[in-house]
Structures are given as C-alpha cells and as structure tokens.
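The values are calculated or read from the model by the stated rules, or taken from the named source; none is laboratory data. The model shown is predicted, which means the values in this text are computed figures rather than measured ones. Cβ atoms come from the backbone with ideal geometry, glycine included; neighbour counts cover every protein chain shown.
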Amino acid sequence: MSHTIELPQSLFNRLNKFTAGTRATPASIVKQAVKDRLDYEEWLLAEVDAGLADADAGRVHTADEVKKMLGVKNVKKR
C-alpha cells in the first residue's frame, strides 16, 4: 500500500541530502520517523492515563513527601 505526503521543500532537500550518503532511502527514513513518533506518542498517552488514574485513586504525594523521599534538604525560596 502506498500513500503520498507533502513535505516542505526544505525538509525534502534535507532528507535527500541525508540519504545520498547512506544505504537508506528517503521512504525508509520517513517510515521509521513516523513509527518512532507514533510509538512515543502512544507511550506518552498511556503514561498520562496511568498518572491520572493514580491521582483519581488518591495515589499522590505532597511536595514535602517527594523531597523527603529524594533526600532533598529544604531549599530557600526566592
């Protein structure tokens, strides 16, 4: 299956320049970049959802509790 995307000319030029000195094709670079970004965005959404579920369930800590867990001494506020 093949689809077409539009890239700004400057990005297209950079892609071609980069792949000229490698075995990679412009298409393979774009496919990997899209896959990597989707993997990241899906991971991030799952982490945010998990954090919100923790907050909804009351699994939260105050700033002072976090400082104590991390061993941070009291820092003077500006």
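All but one of (1) more than 22 Å from the chain's Cα centre (by Cα); (2) part of a loop (DSSP other than H, G, I, E, B); (3) surrounded by 10 or more Cβ atoms within 10 Å (Cβ to Cβ); (4) among the aliphatic types (A, V, I, L, M) hold for Leu7; state the number of the condition that does not hold.
Evaluating Leu7 over (1) more than 22 Å from the chain's Cα centre (by Cα); (2) part of a loop (DSSP other than H, G, I, E, B); (3) surrounded by 10 or more Cβ atoms within 10 Å (Cβ to Cβ); (4) among the aliphatic types (A, V, I, L, M) leaves (1) as the failure.
Among residues belonging to the stretch 23-53 that are assigned to a helix (DSSP H, G or I) and among the hydroxyl-bearing types (Ser, Thr, Tyr), point out the one that is surrounded by the fewest Cβ atoms within 10 Å (Cβ to Cβ).
Among those that are assigned to a helix (DSSP H, G or I) and among the hydroxyl-bearing types (Ser, Thr, Tyr), it is Tyr40.
(1) in a helix (DSSP H, G or I); (2) of a type in the set (Lys, Arg); (3) modelled with pLDDT of 95 or more: which one isn't true of Lys68, the others all being true?
Lys68 satisfies every listed condition except (3).
Does any residue in the stretch 54-73 that is loosely packed, with under 10 Cβ neighbours inside 10 Å come within less than 9 Å, Cβ to Cβ, of a residue that is in a helix (DSSP H, G or I) six or more places away or on a different chain, and which pairs are these?
If the second residue must be in a helix (DSSP H, G or I), the pairs left are Arg59/Ala53; Lys73/Lys67.
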